[in-house]
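Rule-based calculations on the coordinates, nothing more; no lab input. Owing to the predicted nature of the structure, the values given are computational and were not obtained by experimental measurement. Don't worry about glycine lacking a Cβ; one is built from the backbone with ideal geometry, like all the others, and counts go over all protein chains shown.
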Amino acid sequence: MVDEELEAGPEREYELWSLEIRRGALSLAILAIILDGESYGYDIMKKLSQEPYESLQMEPSTTYPLLRRLEKRGILEGRWSDASGKRRRLYYVTRDGRRILRRMVKSWQSLNDQLTQLVMEAGLK
């Protein structure tokens, strides 16, 4: 039983870390996807399920609450559309959302560069 607890501890810690990293990354990914247009939640999930974006893949149970949170914060706006024959919500990035996205990208790039440097210095890459 002690061995199981030791194995579960580090694995659980990795899962928690991974979840925290994904939360911020998914917001940035959504904004980048719909920056120059409008998109449905389904289309966002479809884009993130493509091979180059597998690590960002999202389930509906993650996608729609995140879209609603971004909308509530004024980063996205949504409107209902019946264009496809069924009622769906189209999202687009607001002016404030564009400003926030630019800051997010700068921050992400800086963080990534610094972490990459630390990983290299530690001989992990």
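Tabulated data for the structure shown
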read-out: Cα-centred dipole magnitude for region 32-98, charges only on beta-carbon of K, R (+1) and D, E (-1), debye, nearest 20; value: 340
read-out: Cα-based helix-to-principal-axis angle, 60-72 vs the chain, degrees rounded to 10; value: 70
read-out: Likely footprinting exposure, TYR91, TYR40, TYR53, TYR14, fewest C-beta neighbours within 10 Å first; value: TYR14, TYR53, TYR40, TYR91
read-out: Projected label distance in nm at LEU28 and ALA83, using a 7 Å step from Cα toward the beta-carbon; value: 2.9
read-out: In Hz, Karplus ³J(HN,Hα) per residue of region 111-118 (6.51, -1.76, 1.60; θ = phi - 60°; x = Gly, Pro); value: 4, 4, 4, 5, 5, 4, 4, 4
read-out: Dipole magnitude (debye, nearest 20) for the chain, charges at Cβ of Lys, Arg, Asp, Glu; value: 1280
read-out: At R0 = 41 Å, FRET efficiency that the Cβ-Cβ distance of LEU118 and GLN50 yields, to 0.05; value: 0.85
read-out: Under 27 Å from the Cα of LYS106 - lysines, other chains or at least 8 residues apart; value: LYS46, LYS47, LYS72, LYS125
read-out: Given [x] 17.9, 58; [y] 13.1, 37; [z] 14.6, 46, the label whose value is Rg and Dmax of the Cα atoms in Å derived from this model; value: [x]
read-out: Label-point separation in nm, ASP36 to ARG103, each point 7 Å along Cα→Cβ; value: 2.5
read-out: Order of ASP96, ASP36, ASP43 - criterion: other Cβ atoms within 10 Å of each residue's Cβ, fewest first; value: ASP36, ASP96, ASP43
